[in-house]
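The values are calculated or read from the model by the stated rules, or taken from the named source; none is laboratory data. Everything numeric in this text was worked out from a predicted model, so none of it was measured. Methodologically, a virtual Cβ is constructed for each residue, glycine included, from the backbone with ideal geometry; neighbour enumeration extends over all protein chains shown.
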Amino acid sequence: MVDVSVILTDNSPAAAQVRDAVASWAAAGLVGECLWVTAAQVDGTVRPAAVEATLVGPGEPESGDLLGFLAVRRLDVVRLVVAHVVPRDGVDVGDLVATGRLVGDVLHNALPRGVGGEGGTRLRLLNVIVPASGVSDLTRDALVPGWDANVVVAAEDRPDLERSSVQVRDGDVFVGHAASALASIAALWPGIDEGSADTLELDSTTHAGDVVVVRAMVRSVVRDDATAELADGICTVLLEDPAARNQHLDWARPAQTPDVVVQLALADLVDGSEWMVHEPSAGSSRFVLVRKFWAALKAATLFNLRLFGLGAATLVGMGTRWAERTATNAIIGEGAGQVIQFRPTSTEALIQQAQDMLEAANQHERNLGIRAEASAVRAPSPTTWSTLRRYCFALVDGSPLPGAYQVPDIAGKPQVLAPGDVVPDPLDTFRTRDDHVMRSCDVIAERVHRAELDEELAELESELAEAQAEEAAARADAKARKSKTAKAAKAAKNAKAAEAGTETVDDPVDETPADEAPSEIDRKVAALAAQVAAIELRVVDTTAELQRLDEWVERREQSLVWRLGVSVREGTEAMRGAADASRKSAMADSRLPADGLKRALRRLVVTWVVLGAVVLGWSLALVYVPGFAQPFGISELWTGIVGAVLVGLVVGIFANHVYYQTVLNFEERVNEMVHRRRVTADRYVDAVRESSRLGMLLGRLEEWAEIIGWALHRTCTPAPSSRETLAVDRLGNLPATVAIATPASDELDVSPVVLSRAVQVLSPRGWATDAFDRAIDHYEAHRRPARDGGHLAADLDTLGHSASPFRLLHDYFVEGAAARYCVEDARLRLDRALDDGELELPPRAMTRRGRFGDGRESSDEEFLAAALGPVTPFVLDIWTPTGQTKERQRPTLSIAWLPQDVGRVHVPDGSGLQVRSATGDVAVRVDIGDRCDITDIVHFGGQHVVPVRAETRAVEGVFD
């Protein structure tokens with residue numbers, strides 16, 4: 001139910017003091033807001049009347065049009081409470097009644113009416129008289145016949161129903177008494193949506209002089225919200241030790257061998273995914289050219305036949321070159337830088353030279369293309385990051401892993417890891433000596449810093465050894481010089497003694513005379529000692545830095561994300577090494593194997609020359625040498641010559657084939673070199689691409705590790721409370737009937753049983769996954785859409801600038817917005833568990849504050865349950881003898897609004913006490929007397945009013 005109360009008072013100082021008291025209580029959080037109207041704020045000279053109101057609440061008072069305040073709310077009930085604040089000196093109440101009727105008419109005409117008794121806003125009209133003790137000059141003019149109720153607040157102030165009443169006299173007692181009564185009637189106490197007079201209704205038996213006597217008692221526990229305190233307490237425990245959560249779970253067990261679980265999960269995550277390092281293709285180790293038999297035979301035959309022409313051309317060529325050299329030396333001169341040729345260079349040779357130049361240029365362009373091709377890297381798949389999150393969350397919250405590996409159960413319960421076994425705490429950063437901060441999962445920076453420290457330590461140790469050796473040598477030199485100087489001084493002294501005929505000196509040599517000033521060597525020794533000390537300090541500092549780094553790495557080196565980062569880092573370094581090796585191999589000087597071919601050609605030429613000379617010599621010998629061919633005839637002679645030629649041809653063919661095999665070997669080696677160049681280029685491209693891909697993954701992994709780390713480590717971060725403890729002692733106008741209690745201890749004492757049960761409520765199976773999803777929903781609702789085609793936009797983002805989807809989501813987690821939302825969500829879930837009875841808070845020790853407190857500690861339930869006390873009659877001094885005779889002092893209706901837990905207290909049958917539910921930590925007890933005539937009440941001076949039937953109501957209670 002949504003309601004608001006409008007309180008109308010006169011312009012008296014007493015009414016102003018009551019309003020100030022209510023405003024101070026509202027500012028302190030004791031009561032809710034209301035609209036306060038004084039008679040001076042109602043202008044009845046215009047139609048409709050203009051009514052100005054002041055909004056009294058937790059904030060600064062705000063003035064404005066009454067109907068304007070009501071128009072901004074959809075209201076179920078509006079209460080108009082005309083409050084007659086009557087101190088001992090009395091006030092004129094007649095004008096206030098008329099003003100109240102006027103304001104009632106304004107509200108009646110403005111509020112929406114229901115149709116057929118349904119809907120609309122209900123208007124309750126209450127006329128309340130709050131007299132001080134001893135007031136006896138009221139008249140019937142203070143009553144408003146036809147309204148829902150004319151209420152007289154009993155002039156009594158009791159610390160408890162079983163304690164004696166305090167006289168309601170002028171001053172703070174009266175002001176507090178009136179403020180408390182109006183707060184109860186106007187339903188201003190938090191958690192109670194009914195006023196103490198809301199049960200009163202006008203009926204056909206009501207007379208014009210009927211009033212109802214009401215008494216209210218309030219008990220309020222002022223503290224931080226118990227649910228918030230419990231949630232903050234749990235968050236503090238989990239923040240200090242995130243692994244403590246697993247000790248309280250009833251559906252899981254802490255993993256017995258977390259290192260093994262992490263290693264197996266990591267292998268499953270990497271296997272076949274983008275986290276796997278793909279080695280560059282090696283290609284074939286040897287180039288093999290396959291030829292068919294007949295084609296190879298044909299090629300060999302043609303090659304041999306062409307070699308005969310080559311031999312002739314070679315011989316002619318040798319003669320031509322000899323002639324060209326001879327002509328050059330004779331005409332131009334040797335060494336002139338010019339050569340005479342009998343014929344120009346052939347066209348085929350020029351084309352070949354141009355082709356070689358083009359090939360060299362094309363090779364350069366191909367190298368540029370290779371580098372451009374190597375720089376092209378595809379974006380990681382969005383499932384890379386979603387799968388990583390699922391692994392991290394599942395290992396902690398027990399949800400199924402996305403891969404083939406599943407953590408084995410123990411006795412039917414799944415094993416779960418602590419958050420630190422999965423990802424480092426995002427706030428566990430490392431600050432170096434030069435004030436550089438390394439992220440919690442920055443494996444690259446850790447490797448670089450460690451290498452720098454190792455190199456620095458090695459250099460310092462080398463410098464220290466050299467400095468120590470130099471210092472030792474300088475000390476030895478200084479000692480030797482001092483010894484030599486002392487011996488010389490002793491010898492001179494003995495010589496003088498011998499000349500004087502005195503006894504010589506045999507005292508030991510003093511190598512360090514006291515009066516001698518420090519020499520240059522002494523200063524050098526001192527400088528070297530200072531240098532050694534400085535280097536030792538630097539060694540100690542570097543060693544300490546290295547030890548700090550080792551301790552930092554030790555806290556995270558077993559976690560899944562850190563191991564994954566190290567694996568990717570090693571793969572990146574390996575790929576960079578492979579790329580460098582491929583580049584060096586491609587840039588190496590690989591000369592063509594032409595030396596063997598040249599030697600084979602020379603051997604072939606020599607063979608043909610020798611063979612031709614032998615055949616020619618043999619033939620000439622047969623023909624021209626006398627007596628050499630005597631036994632032979634002409635036919636035998638020709639046969640010998642032809643046979644020699646044929647033998648020469650056979651030998652030449654064999655020599656040609658040997659050269660042909662050399663040419664084939666040369667071609668094969670050239671093809672192998674070309675093949676290796678291509679394979680090297682491919683390996684370079686693959687290695688550079690893989691290195692760049694892994695580097696991109698590693699850079700984004702460091703930032704995702706922070707998001708996941710916040711989701712697992714820091715979503716239980718309690719926000720600092722901005723609420724201040726209520727200074728009850730400063731609220732001097734609190735009456736005895738308003739009892740305020742505060743916790744005896746500043747901290748909520750949560751027992752292990754309650755803590756364990758609360759952790760179970762907040763940590764069902766899959767809690768981390770659900771918390772992340774709820775945080776994403778909150779991010780989408782309050783910042784910007786986070787999903788794109790079924791994936792998180794951050795999973796698809798590869799830009800990373802300040803306004804990119806990933807950067808905005810990263811800031812949402814790292815800046816703590818997600819943590820604050822999750823803590824609020826935890827409080828709501830604990831609230832639901834408390835409402836459902838799934839969780840029960842332990843009683844908390846309370847102490848009543850103020851001058852009526854006895855200093856005794858009691859539980860909050862006991863303190864609030866005091867509203868269930870026995871029915872106590874009203875004080876006698878407010879009743880006339882006639883009223884006492886009618887036993888009007890005995891309440892006929894008692895209602896107690898209690899928080900749900902306290903409301904479970906058993907109420908004895910026949911006590912006449914009604915118990916109604918309330919939220920919050922406020923209990924209100926209201927005792928209501930039966931309708932009585934004003935002649936029964938002392939405050940009306942005992943005047944007699946003739947009982948008549950009630951006038952027709954000026955304003956109906958329910959609009960229909």
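Within the stretch 789-806, can one find any residue that is closer than 27 Å to R253 by Cα and either crowded, with 18+ Cβ neighbours inside 10 Å or assigned by TED's automatic domain parsing to the domain that holds I708 (or both)?
No, every residue in the stretch 789-806 fails to be closer than 27 Å to R253 by Cα and either crowded, with 18+ Cβ neighbours inside 10 Å or assigned by TED's automatic domain parsing to the domain that holds I708 (or both).
Residue-by-condition table, conditions (1) closer than 22 Å to R888 by Cβ; (2) part of a loop (DSSP other than H, G, I, E, B); (3) in contact (Cβ under 8 Å) with a residue 60 or more places away in the chain:
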| position | (1), (2), (3) |
| --- | --- |
| V152 | yes, no, yes |
| E162 | yes, yes, yes |
| R169 | no, yes, yes |
| F174 | no, no, yes |
| A179 | no, no, yes |
| L182 | no, no, yes |
| W189 | no, yes, yes |
| I192 | no, yes, yes |
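Could you tell me how many of the residues in the stretch 764-779 are assigned to a helix (DSSP H, G or I) and either out of contact with any Ser or Thr (no Cβ under 6 Å at 6 or more places or on another chain) or on the phi > 0 side of the Ramachandran plot (or both)?
Residues meeting the conditions: 11.
Within the stretch 423-451, how many residues turn out to be under 18 Å from D241 (Cβ atoms) and touching a Pro at 6+ places or on another chain (Cβ under 9 Å)?
Of the residues in that region, 2 qualify.
Looking at S559, is it more than 18 Å from F430 (Cα to Cα), in contact (Cβ under 8 Å) with a residue 60 or more places away in the chain and among the hydroxyl-bearing types (S, T, Y)?
no
Considering the stretch 379-407 alone, what residues qualify as being over 21 Å from the mean Cα position of the chain (by Cα), of a type in the set (A, V, I, L, M, F, W, C) and surrounded by 17 or more Cβ atoms within 10 Å (Cβ to Cβ)?
Passing the criteria: L401, V407.
Determine which single condition R215 fails, assuming it passes every other condition in (1) farther than 19 Å from I937 by Cβ; (2) assigned to a strand (DSSP E or B).
(1)
So A40 clears everything in (1) exposed (fewer than 12 other Cβ atoms within 10 Å of the Cβ); (2) over 44 Å from the mean Cα position of the chain (by Cα); (3) free of Cβ contacts under 8 Å to residues at least 24 places away in the same chain except one condition, right? Which one?
(3)
Every residue, every condition in (1) at pLDDT below 75; (2) surrounded by fewer than 16 Cβ atoms within 10 Å (Cβ to Cβ); (3) among the aromatic types (F, W, Y); (4) not in a loop (DSSP other than H, G, I, E, B), yes or no:
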residue	(1), (2), (3), (4)
P631	yes, yes, no, no
L646	no, yes, no, yes
G652	no, no, no, yes
A655	no, no, no, yes
N665	no, yes, no, yes
D682	no, no, no, yes
S691	no, no, no, yes
G695	no, no, no, yes
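Restricting the search to the stretch 431-443, which residues are surrounded by 20 or more Cβ atoms within 10 Å (Cβ to Cβ) and not in a loop (DSSP other than H, G, I, E, B)?
V443
So which helices (runs of 4 or more DSSP H) stay within the stretch 780-858 end to end and still have 1 or more residues that are under 30 Å from D160 (Cβ atoms)?
It comes to 817-836.
Within the stretch 859-900, how many residues are under 16 Å from V152 (Cβ atoms), in a loop (DSSP other than H, G, I, E, B) and either among the aromatic types (F, W, Y) or out of contact with any helix residue (DSSP H, G or I) (no Cβ under 9 Å at 6 or more places or on another chain) (or both)?
Within the stretch 859-900, residues that are under 16 Å from V152 (Cβ atoms), in a loop (DSSP other than H, G, I, E, B) and either among the aromatic types (F, W, Y) or out of contact with any helix residue (DSSP H, G or I) (no Cβ under 9 Å at 6 or more places or on another chain) (or both) number 6.
Return the total of residues in the stretch 55-81 being in contact (Cβ under 8 Å) with a residue 24 or more places away in the chain and in contact with a Pro (Cβ under 7 Å, 6 or more places away or on another chain).
Residues meeting the conditions: 0.
Check R774, R784, R820, R829 and return the single one that is in the same structural domain as L712 (by TED's automatic domain parsing), among the basic types (K, R) and touching an Asp or Glu at 6+ places or on another chain (Cβ under 8 Å).
None of the others qualify; the one that does is R774.
Among the residues of the stretch 751-763, is there at least one that is surrounded by 13 or more Cβ atoms within 10 Å (Cβ to Cβ), assigned to a loop (DSSP other than H, G, I, E, B) and either touching a residue at least 40 places away in the same chain (Cβ under 8 Å) or not hydroxyl-bearing (S, T, Y) (or both)?
Here is the first cut: in the stretch 751-763, the ones surrounded by 13 or more Cβ atoms within 10 Å (Cβ to Cβ) are 754-763.
If we keep only those that are assigned to a loop (DSSP other than H, G, I, E, B) too, we end up with 763.
Among the residues that remain, those that are also either touching a residue at least 40 places away in the same chain (Cβ under 8 Å) or not hydroxyl-bearing (S, T, Y) (or both) are: 763.
Checking the stretch 751-763: at least one residue is surrounded by 13 or more Cβ atoms within 10 Å (Cβ to Cβ), assigned to a loop (DSSP other than H, G, I, E, B) and either touching a residue at least 40 places away in the same chain (Cβ under 8 Å) or not hydroxyl-bearing (S, T, Y) (or both).
I'm told L96 meets every condition in (1) over 55 Å from the mean Cα position of the chain (by Cα); (2) not in a helix (DSSP H, G or I) except one. Can you identify the failing condition by its number?
Against the list (1) over 55 Å from the mean Cα position of the chain (by Cα); (2) not in a helix (DSSP H, G or I), L96 comes up short only on (2).
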